Amino acid sequence: MGKKPFRKSSRVPTSRIERLARMGMMAGKFALSGATETAKRVMSGEMESLSMPFLTPANAQNIARSLSKMRGASMKLGQLLSMESDDLLPPEFTEVLSVLRSSADTMPDDQLRRVLGQAYGKGWEEKFIEFDFDPIASASIGQVHRAVAKDGRVMALKIQYPGIAKSIASDVDNLASLLRVARILPGDFDPSGIITEAKRELRREADYLLEADNLRRYRKLIGNDEVLCVPQVFEDYSTKHVLAMEFMEGIPLDELIERGRTQKLRDQVGAALTNLMFRELFEFKTMQTDPNLANYLVQPHEGKIVLLDLGAMQDLAPDLTKRYKRLVKATIAGDREELSDAALSIGFLLEDDDPRAAEALLDLMLLSCDPMRTNHVYDFGDTDLAARVREMGMELALEHGLRRAPPAETLFIHRKIGGNFLLCTRLKCRINIRAIVDRYIND
């Protein structure tokens, strides 16, 4: 494994009342900050901006710090909102919340010991020859530790934070209410689809026995793949809140970037993960929808990529994948009439949309898919596509008033697609996306 990052430790609030109190404290800080900002703007004569006193860098930082300490569903919703379209949240909030995708505070040792005692019973230490209390990774739902079982098996134990599973619904609802009251979410934006899907995904992610099934299923899907591998599950050490997996060595993707590995290796990794994304969508019809950098390890000498986290797997309806295939074909062909029909069939467009707004949305879709529309190598290290898409999205919202959540069934597909683009951008890889997608859409 790469060098362990420095991590802050804080006790996970476990009861609903305690978590609600934490949310109340966050709201109180918001109110105080908003009042202070309003006073500043009145004093300086900035009367035109008085309607948005909560949209400050300080409040963005406060949200990120508070959610990192709370962990659980509220932190996960912050992650999801940070990955939504850039016209949904102000840039300063999107940028700060993006740190939630890769890190969270860790549990202190005494709380960790209690969690393990509840999972394995009294004397749980006797089940292991070694147990490293310094976690390998930490995220919104749990943290990962290296351990060696009594029989010598080297394990990665994914240990869920206490109280997280029981607080999912209340956490999501409370954070969404706070963001609405603070007017951080646009007044005309309906987050109900995101909220419903977030709750559904989080309930699945919090069930580690379900994730164990996902791991076993995914190992069968990839078979004897020359590039991809998935850790084996150790059922005798796994419970609903502790997932025991084969410990696999490798370099995290962010270290692959920082260490300046060869362009060839970065291209291979970007191409393999992009191919996997289309394979999931069109062949597997099931998708790991959390493209977090921390969910992958690279083994350069073996030429392998390790897929670590399958808690966010989503099964896709066959009819939906057919509609996406039609959408992709129309996008590549530049056939606006066919693209419009495909967008209507999925729900990106509605029959009563203003024609000018609908045309602008088609323009945005074509621009967003630029990397796969031309049959040549696309340089993700030399592109301003994200900025251009963001600018066009803002125009769509401001000039045409078209600002709504995507259809719920597509939410996590686009989370994966957008995340894969960001991943390739971070890798600065050069790949021919058109050549990859052609393998799956040409019947």
Could you please give the count of residues in the stretch 367-418 that are modelled with pLDDT of 90 or more and charged (D, E, K, R)? 7
Select from the stretch 230-241 the residues that are at pLDDT 95 or above and either in a helix (DSSP H, G or I) or crowded, with 20+ Cβ neighbours inside 10 Å (or both) and list them in ascending order. Val230, Pro231, Val233, Glu235, Asp236, Tyr237, Ser238
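Residue by residue, here is whether (1) of a type in the set (S, T, N, Q); (2) more than 24 Å from the chain's Cα centre (by Cα); (3) surrounded by fewer than 17 Cβ atoms within 10 Å (Cβ to Cβ); (4) not assigned by TED's automatic domain parsing to the domain that holds Ala198 holds:
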position: Gly347; (1), (2), (3), (4): no, no, yes, yes
position: Glu359; (1), (2), (3), (4): no, yes, yes, yes
position: Asp363; (1), (2), (3), (4): no, yes, yes, yes
position: Ser368; (1), (2), (3), (4): yes, no, no, yes
position: Met372; (1), (2), (3), (4): no, no, no, yes
position: Leu385; (1), (2), (3), (4): no, no, yes, yes
position: Glu391; (1), (2), (3), (4): no, no, yes, yes
position: Met394; (1), (2), (3), (4): no, no, yes, yes
position: Leu427; (1), (2), (3), (4): no, no, no, yes
Only residues that are among the β-branched types (Val, Ile, Thr) and over 21 Å from the mean Cα position of the chain (by Cα): list them for the stretch 120-172, please. Ile129, Val148, Val154
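I'd like to check something: does the stretch 99-122 contain any residue that is modelled with pLDDT under 60, out of contact with any His (no Cβ under 6 Å at 6 or more places or on another chain) and not in a helix (DSSP H, G or I)? Don't jump to the end; show me each part of the working.
Taking the stretch 99-122 first, the residues modelled with pLDDT under 60 are 99-103.
Adding the requirement that they be out of contact with any His (no Cβ under 6 Å at 6 or more places or on another chain) leaves 99-103.
So of that shortlist, the ones also not in a helix (DSSP H, G or I) come out as 102-103.
Yes, the stretch 99-122 has at least one match.
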Complete set of residues in the stretch 413-443 that are under 12 Å from Thr374 (Cα atoms) and charged (D, E, K, R): Arg434, Asp438
Every residue in the stretch 303-333 that is charged (D, E, K, R) and touching a strand residue (DSSP E or B) at 6+ places or on another chain (Cβ under 9 Å), please. Lys304, Asp309, Asp315
Tell me yes or no: at least one residue of the stretch 164-182 is modelled with pLDDT of 70 or more, closer than 30 Å to Gly250 by Cβ and assigned to a loop (DSSP other than H, G, I, E, B). yes
Turns out the helices (runs of 4 or more DSSP H) fully within the stretch 361-443 with at least 1 residues that are over 25 Å from Glu338 (Cα atoms) and either of a type in the set (Phe, Trp, Tyr) or touching a Lys or Arg at 6+ places or on another chain (Cβ under 6 Å) (or both) are 411-427
Which numbered condition in (1) farther than 30 Å from Val242 by Cβ; (2) surrounded by 14 or more Cβ atoms within 10 Å (Cβ to Cβ) is the only one that Asp379 fails? (2)
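If a residue must be of a type outside the set (Gly, Ala, Ser), surrounded by fewer than 20 Cβ atoms within 10 Å (Cβ to Cβ) and not in a strand (DSSP E or B), how many such residues does the stretch 150-161 contain?
At the first step, the residues of the stretch 150-161 found to be of a type outside the set (Gly, Ala, Ser) are 150-151, 153-155, 157-161.
If we keep only those that are surrounded by fewer than 20 Cβ atoms within 10 Å (Cβ to Cβ) too, we end up with 150-151, 153-154.
The next check asks that each one be not in a strand (DSSP E or B); those that pass are 150-151, 153.
Of the residues in that region, 3 qualify.
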Hey, Glu246 among the acidic types (Asp, Glu) and modelled with pLDDT under 95 or not: no
With the first residue restricted to the stretch 346-371 and required to be over 26 Å from Ile433 (Cα atoms), and the second required to be among the hydrophobic types (A, V, I, L, M, F, W, C) and modelled with pLDDT under 95, Cβ contacts under 8 Å at 6 or more apart or on different chains are Asp353/Leu361; Asp353/Leu402; Asp354/Leu402; Ala357/Leu396; Ala357/Leu402; Ala358/Leu349
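Going residue by residue through the stretch 316-335, is there one that turns out to be farther than 19 Å from Val437 by Cα and surrounded by 14 or more Cβ atoms within 10 Å (Cβ to Cβ)? First the steps, then the outcome.
In the first step, residues of the stretch 316-335 are kept if they are farther than 19 Å from Val437 by Cα; the result is 317.
Still in the list and also surrounded by 14 or more Cβ atoms within 10 Å (Cβ to Cβ): none.
No, because not a single residue in the stretch 316-335 is farther than 19 Å from Val437 by Cα and surrounded by 14 or more Cβ atoms within 10 Å (Cβ to Cβ).
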Please find, among Asp319, Asp341, the residue that is acidic (Asp, Glu), assigned to a helix (DSSP H, G or I) and within 26 Å of the chain's Cα centre (by Cα). Asp319
Only one residue in Leu297, Leu310 is surrounded by 20 or more Cβ atoms within 10 Å (Cβ to Cβ), hydrophobic (A, V, I, L, M, F, W, C) and not in a loop (DSSP other than H, G, I, E, B), so which one is that? Leu297
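The values are calculated or read from the model by the stated rules, or taken from the named source; none is laboratory data. This structure is a prediction, so every number in the text was calculated from the model and none was measured. Every residue, glycine as well, gets a Cβ built from its backbone with ideal geometry; the counts of neighbours run over all protein chains shown.
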